[in-house]
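The values are calculated or read from the model by the stated rules, or taken from the named source; none is laboratory data. Small disclaimer: the values here were computed from a predicted structure and weren't measured. Backbone-built Cβ (ideal geometry, glycine too); neighbour counts: all protein chains shown. The area values use the complete protein model at the heavy-atom level, side chains included, leaving out ligands, DNA and RNA. Shrake-Rupley method; radii C 1.70, N 1.55, O 1.52, S 1.80 Å.
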Amino acid sequence: MTVRDNKVFFGDMSANKLTEQFGSPLYVYEYDTIVRQYNRLQEAFKNADTLIYYACKANANIEILKIFNELGAGIDAVSPGEVFLALRAGFEPERILLTGTNLTEEDIRYAVDNNVPVNIDNLTMLKEYGSLFAGKEVSIRLNPDIRAGAHMYLETGHRDAKFGILKNDLSRLIALLNKVDAKLVGLHQHIGSDITEIEPILSGLDFMLSLAKEIATIRFIDIGGGYKVKYYADDSETDVMELGRKVSERFNTFCHDNNRQLKLIIEPGKYLVSEAGYLLTTVQSVKRNYNKIIVGTDTGMNHLIRPALYHAYHEIVHASRFEGETEKVNIVGNICESADVLGKNRVLTRSKRGDVLCIKNAGSYGYSMASMYNARLLPPEILIKDGTARSIRRRQTFEDLLSTY
Ligand code: LLP
């Protein structure tokens with residue numbers, strides 16, 4: 001995104017031109033930003049034998065997946081649907097890891113039949129896996145009992161979370177491993193999202209390494225994702241360089257001291273795509289109520305649920321007149337829900353019907369969490385590469401509302 005002539009531009013087109021051409025609302029992704037973020041992580045973890053598995057739940061547009069395939073990433077998938085998309089995008093099956101929650105036998109079979117490794121989340125499933133797929137390799141998701149993440153909904157590695165095999169099940173796990181006919185090759189954790197502190201991730205790593213020491217068949221350690229980006233200029237972010245340095249150091253020391261050759265896997269989602277994405281929306285109404293100005297748009301919580309669900313802050317800039325006389329406003333969506341607020345008490349250039357606004361950090365968990373609530377259609381997505389825009393998903397039509405009948 002750049003600002004020229006007081007307007008927001010993507011490549012050689014203004015936001016206004018883009019919405020004229022592709023319609024509004026519109027998801028816009030910048031190829032260069034995705035590559036920049038990928039390169040940063042590669043650089044940060046370059047001292048360890050690291051594989052970057054893109055957590056495609058963040059944004060599973062197949063064209064975005066293809067970019068990561070070209071960059072040499074693997075895929076963290078959490079459902080057979082994500083496995084399907086990753087395979088269609090061209091990923092080698094062994095570069096995909098299915099880490100599902102409450103997977104059905106059918107889900108697991110889909111992965112196994114397609115040679116995609118499965119990461120098991122509980123002991124019952126591990127036992128079943130052993131009897132269904134005798135002798136096969138498997139990895140397990142551990143719950144290291146660590147609290148991390150920016151919101152209670154974003155914490156996944158503590159004892160009350162539904163994820164992973166708990167520490168107090170370790171003796172049962174070891175007993176089961178001796179009985180079950182499966183080869184344990186990997187240990188995995190994902191403790192939360194928007195984590196800024198490095199210590200919790202390191203504690204989880206230590207826990208996994210202590211277990212790996214006892215299990216000779218372990219080939220990889222997967223520390224998950226959760227690295228935070230800035231949502232506004234002074235916001236906090238994960239220092240990925242320091243994270244990479246510290247994780248690599250600990251990991252390498254373990255491998256050296258124990259004469260093991262392990263692979264390190266990281267599973268970033270948000271870090272790779274959040275800043276690359278924008279949601280363009282058009283102002284439909286401006287209400288000057290008693291003590292509030294309410295700017296109504298043509299998108300909403302159906303397209304970007306993060307503000308409603310996590311009270312997440314997404315910066316919103318005026319794309320038609322970047323600077324000008326400002327006023328304090330609430331920016332709301334067009335969904336019949338009072339939670340449908342995209343930004344509260346924002347200082348924004350005075351808006352009028354037809355103006356285009358640009359919501360930032362919409363590249364992760366935007367479209368992928370979007371719904372068709374209120375029978376509103378899903379917006380198109382475009383990719384900006386080499387200065388030009390290309391459609392990577394069409395806008396839905398009313399016919400799509402009938403396509404599953
Ligand atoms: N690995 C696993 C197993 C995960 O479950 C997740 C995210 C990730 C990696 C990637 O996390 P990230 O690097 O993107 O933080 N919808 C929320 C985030 C929930 C993520 C759930 N799992 C949000 O919009 O902030």
**Study point:** Any chance residue 47 is modelled with pLDDT of 95 or more and assigned to a helix (DSSP H, G or I)
**Key:** no
Check your understanding: Residues 239, 194: which one is within 21 Å of the chain's Cα centre (by Cα), away from the ligand (no atom under 14 Å from the Cβ) and open to solvent by 10 Å² or more (accessible area, probe 1.4 Å)?
Key -> 239
Revision key, fill the gap. Filtering segment 123-147 down to residues that are within 17 Å of residue 224 (Cα to Cα) and not in a strand (DSSP E or B) yields 144, 145, 146, 147
Check your understanding: Does segment 281-304 contain at least one residue that is of a type in the set (Ser, Thr, Tyr), within 11 Å of the ligand (Cβ to nearest atom), at pLDDT 95 or above and not in a strand (DSSP E or B)?
Key -> no
**Study point:** Subset of segment 322-362 (residues that are in a strand (DSSP E or B), open to solvent by 50 Å² or more (accessible area, probe 1.4 Å) and among the hydroxyl-bearing types (Ser, Thr, Tyr))
**Key:** 326
Exercise for review: Report, ordered by the first and then the second residue, all pairs with beta carbons closer than 6 Å, sequence separation of six or more or different chains, a first member in segment 224-240 that is within 28 Å of residue 141 (Cβ to Cβ) and part of a loop (DSSP other than H, G, I, E, B), and a second member that is of a type in the set (Asp, Glu) and near the ligand (Cβ under 10 Å from one of its atoms).
Suggested key: 224/267; 225/267; 228/194
Check your understanding: Only one of these conditions is not met by residue 162: (1) buried (at least 22 other Cβ atoms within 10 Å of the Cβ); (2) within 16 Å of the ligand (Cβ to nearest atom). Which number is it?
Key -> (1)
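Given the residues 175, 150, which is the only one that is in a loop (DSSP other than H, G, I, E, B) and assigned by TED's automatic domain parsing to the domain that holds residue 211?
That would be 150, the only listed residue that is in a loop (DSSP other than H, G, I, E, B) and assigned by TED's automatic domain parsing to the domain that holds residue 211.
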Review point. Can you name the residue in segment 378-403 that is open to solvent by 40 Å² or more (accessible area, probe 1.4 Å) and in a loop (DSSP other than H, G, I, E, B) and is also farthest from the ligand (Cβ to nearest atom) among such residues?
Key: 402
Check your understanding: When segment 278-302 is examined, which residues are found to be among the aliphatic types (A, V, I, L, M) and buried (at least 19 other Cβ atoms within 10 Å of the Cβ)?
Key -> 279, 280, 283, 295, 301
Review point. Taking the stated definitions as given, is residue 80 away from the ligand (no atom under 16 Å from the Cβ) and within 21 Å of residue 140 (Cα to Cα)?
Key: no
